[in-house]
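Reading through the structure tokens given below for one structure.
Derivation of every value follows stated rules applied to the coordinates shown; laboratory data play no part. None of the values given here were measured: they were computed from a predicted structure. Don't worry about glycine lacking a Cβ; one is built from the backbone with ideal geometry, like all the others, and counts go over all protein chains shown.
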Amino acid sequence: GQQVMQIPQYQHVQEGEDFTTYCNSSTTLSNIQWYKQRPGGHPVFLIQLVKSGEVKKQKRLTFQFGEAKKNSSLHITATQTTDVGTYFCAEGGSNYKLTFGKGTLLTVNP
Amino acid sequence: DGGITQSPKYLFRKEGQNVTLSCEQNLNHDAMYWYRQDPGQGLRLIYYSQIVNDFQKGDIAEGYSVSREKKESFPLTVTSAQKNPTAFYLCASNRGGYNEQFFGPGTRLTVL
């Protein structure tokens, strides 16, 4: 099935630094969803991007969908310890299935 | 409270035994999903159901079975044919289509 490659696999930052995770595909993505999973928890939906070049913001989080709809990114400005967790992108494919990337684990040093 | 419940949180079984994981939702969602999560592997789709009495195989259905007799319930059976069943199992539901998925707290299965 469709594969979305997510990088980096791990990212460690100092509190206050910015963080970005990328989701890439060799083929056009119909839509992208982003989820966050806290350590020991379950994934929680953050946002969905559908349109080419779309940019959405949620407080310190900025989500982008590439112009060619082959990539997406999640950027966190001035990270806080509450941002710790694994961030997953997921592509909505045929038959309404989601294909998840392997995730980026973010750790924040206070 | 509306939400998705999975029970139990931790489950231990001996090799060769079938085990059924429970997933119940009271969100009135049409669609339900089962995922498996292994360290560093992200979430992989096992089975999904868009409507009662119908379900489809996901990417890793071998060794698993499901039923969808009621809208609220989507139990997953891990059979003895599943070669590496130890994992974290997550159930999710949504209104169907590409709507956001809501996840349950998960069941961590360990096969000894």
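About its Cα centre, chain A has a charge dipole of approximately 320 debye under the convention of +1 per Lys or Arg Cβ and -1 per Asp or Glu Cβ, with nothing else charged. At an R0 of 41 angstrom, the distance between the Cβ atoms of A:V55 and B:Q41 translates into a FRET efficiency of 0.85. In this Cβ point-charge picture (+1 for Lys and Arg, -1 for Asp and Glu), the range B:45-112 has a dipole of about 100 debye about its Cα centre.
Ranking A:H12, B:H29 by Cβ neighbours within 10 Å, fewest first, what do you get?
Listing A:H12, B:H29 from fewest to most nearby Cβ atoms yields A:H12, B:H29.
With neighbours defined as other Cβ atoms within 10 Å of a residue's Cβ, the residues B:I4, A:I7, A:I32 order from fewest to most as A:I7, B:I4, A:I32. Look at A:K56, B:K70, A:K69 and count the other Cβ atoms within 10 Å of each Cβ; fewest to most, that gives B:K70, A:K56, A:K69. Overall dimensions of chain B, expressed as equivalent-ellipsoid semi-axes from the Cα gyration tensor (√(5λ), whole Å, largest first), are 22, 14, 13. The charge dipole of the protein assembly as shown, taken about its Cα centre with unit charges on the Cβ atoms of Lys, Arg (+1), Asp and Glu (-1) only, comes to about 140 debye. Taking all Cα pairs closer than 8 Å and separated by 6 or more residues, the relative contact order of the range A:1-81 comes to 33 percent. Each Lys or Arg adds one and each Asp or Glu subtracts one; over the other residues with Cβ under 13 Å from the Cβ of A:G53, this totals +2.
The length gained on full extension between B:Y10 and B:D54, counted as 0.36 nm times the residue separation minus their Cα-Cα distance, comes to 13.0 nm.
Semi-axes of the equivalent ellipsoid for the protein assembly as shown, please: Cα gyration tensor eigenvalues, times 5, square-rooted, ordered largest first, whole Å. The equivalent ellipsoid of the protein assembly as shown has semi-axes of 30, 20, 16 Å.
Remark: the range B:42-47, residue by residue, has Karplus-estimated 3J(HN,Hα) of x, 9, 10, 7, 9, 9 Hz, where x stands for each Gly or Pro and the curve is 6.51 cos²θ - 1.76 cosθ + 1.60 at θ = phi - 60°.
Note on chain A: along the principal axes its Cα atoms extend 41, 27, 20 Å, ordered by decreasing extent.
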